[in-house]
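Read the structure below first, then the notes.
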Amino acid sequence: MADLEILSRESLARPALEIAPFLLGKVFVVGERAGRIVEVEAYAGRHDPGSHAYRGMTPRTEVMFGSAGHLYVYFTYGMHFCANVVGGEVGEAQAVLLRALAPMQGLPEMRAARPKAKRDIDLCNGPAKLCQALGIDRAFNGADVVGGDQRLFLADDGFVLRDPPMVSTRIGLSAGADLPWRFYIETDPHVSRR
DNA sequence: CGTTTGATGCTCT
DNA sequence: GAGCATCAAACGG
């Protein structure tokens with residue numbers, strides 16, 4: 001595999017709408033498992049009706065209001081975890097939801113973690129699926145992904161997108177559903193939905 | 001195919 | 001008590 005350069009914290013200390021497309025094509029490493037980010041959604045903080053931060057800081061959203069480069073992991077529907085990368089400056093609650101990855105390493109571990117996935121293409125093609133595949137749960141909330149930990153990080157491996165990101169509305173929202181803040185690699189088969 | 005529904009528990013009102 | 005940034009199985013055509 002090509003060299004992996006961990007992303008800088010300052011590269012993430014920008015609005016979610018900027019770092020969402022920036023994160024496409026980057027590599028997310030969790031232990032021996034890794035995948036390339038192919039689909040994300042931007043959540044733009046206090047004034048975004050679709051964001052958990054819309055009604056201000058709560059115990060759950062505290063991490064999102066913190067500094068860039070940490071994971072905001074939340075539990076939903078009584079059984080699923082989803083992971084965001086926190087961006088922006090402290091207090092801005094900028095976040096980017098990781099919605100789909102193209103598996104790169106640790107496929108056997110991912111398959112074991114997702115026994116219900118019939119095909120490899122289904123391992124990480126959804127926000128809760130990728131958390132299951134990578135073993136991400138509430139223990140990862142607040143974890144630093146650009147702090148130099150060799151077992152958990154976001155990196156650039158030199159991959160270049162062949163085309164500009166595809167843009168659409170975000171998925172599964174009841175508020176803010178009209179905003180075109182979802183970004184994905186159109187040609188990648190691991191995207192959750194067309 | 002596409003659409004509907006059940007699972008399951010946390011978070012905030 | 002209502003709703004949830006979801007998933008997989010069941011159902012209908």
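Bear in mind that the values in this text are calculations on the coordinates, not laboratory data. None of the values given here were measured: they were computed from a predicted structure. Cβ placement follows ideal geometry from the backbone for every residue including glycine, while neighbour counts extend to all protein chains displayed.
At q = 0.16, 0.24, 0.26, 0.30 Å⁻¹, what is the log10 ratio I(q)/I(0) for region A:109-161, with the Debye formula run over Cα points and no solvent?
Debye curve over Cα of region A:109-161, log10 I(q)/I(0) at q = 0.16, 0.24, 0.26, 0.30 Å⁻¹: -0.61, -1.00, -1.03, -1.08.
Quick check on the exposure proxy: order A:Val86, A:Val160 from fewest to most C-beta atoms within 10 angstrom. Intermediate results must be reported in sequence, preceding the final value.
Details: A:Val86 28, A:Val160 5.
So the residues, fewest neighbours to most, are A:Val160, A:Val86.
Hey, what did chain A get for relative contact order, percent, Cα under 8 Å, at least 6 apart?
Value for chain A: 29 percent.
What Kirkwood hydrodynamic radius do you get for chain A when you take the inverse of the mean 1/r over all pairs of distinct Cα atoms, in Å?
It is 16.3 Å.
For chain A, give the magnitude of the charge dipole about the Cα centre (Cβ charges: +1 Lys/Arg, -1 Asp/Glu; no others), in debye to the nearest 20.
So the magnitude is around 800 debye.
Looking at region A:89-186, which GluC sites (Glu not before Pro) are in a loop (DSSP not H, G, I, E or B) and have at most 16 other Cβ atoms within 10 Å? Write out the running numbers ahead of the final one.
Values: sites: A:Glu89, A:Glu92, A:Glu109, A:Glu186; in loops: A:Glu89, A:Glu92, A:Glu186.
Those satisfying the criteria are A:Glu89, A:Glu186.
In deg cm²/dmol, rounded to 500, what helix-only [θ] at 222 nm does chain A give when every DSSP H run of at least 4 residues adds -39500 (n - 2.57) and the total is split over its residues?
Calculated from helices alone, the mean residue ellipticity at 222 nm is -3500 deg cm²/dmol.
Go through region A:96-105 residue by residue and turn each phi into a ³J(HN,Hα) via Karplus (6.51, -1.76, 1.60, θ = phi - 60°); whole Hz please, and just put x for glycine and proline.
10, 6, 7, 9, 7, 10, 9, x, 10, 9
Need one word for region A:91-194: rounded, prolate or oblate. Basis is the Cα gyration tensor (sqrt eigenvalues a ≥ b ≥ c); a/c below 1.5 gives rounded, then a/b vs b/c decides.
Numbers: a/c = 1.35, a/b = 1.16, b/c = 1.16.
Rounded, because the longest to shortest axis ratio a/c is under 1.5.
Please list A:36-44, A:10-18 highest first by mean number of surrounding beta-carbon atoms within 10 Å per residue.
Top of the packing list down: A:36-44, A:10-18.
First obtain the Kirkwood hydrodynamic radius of region A:1-47 from its Cα pairs, then insert it into the Stokes-Einstein equation at 10 °C and 1.306 mPa s, and state the resulting D in µm² per second as a whole number.
131
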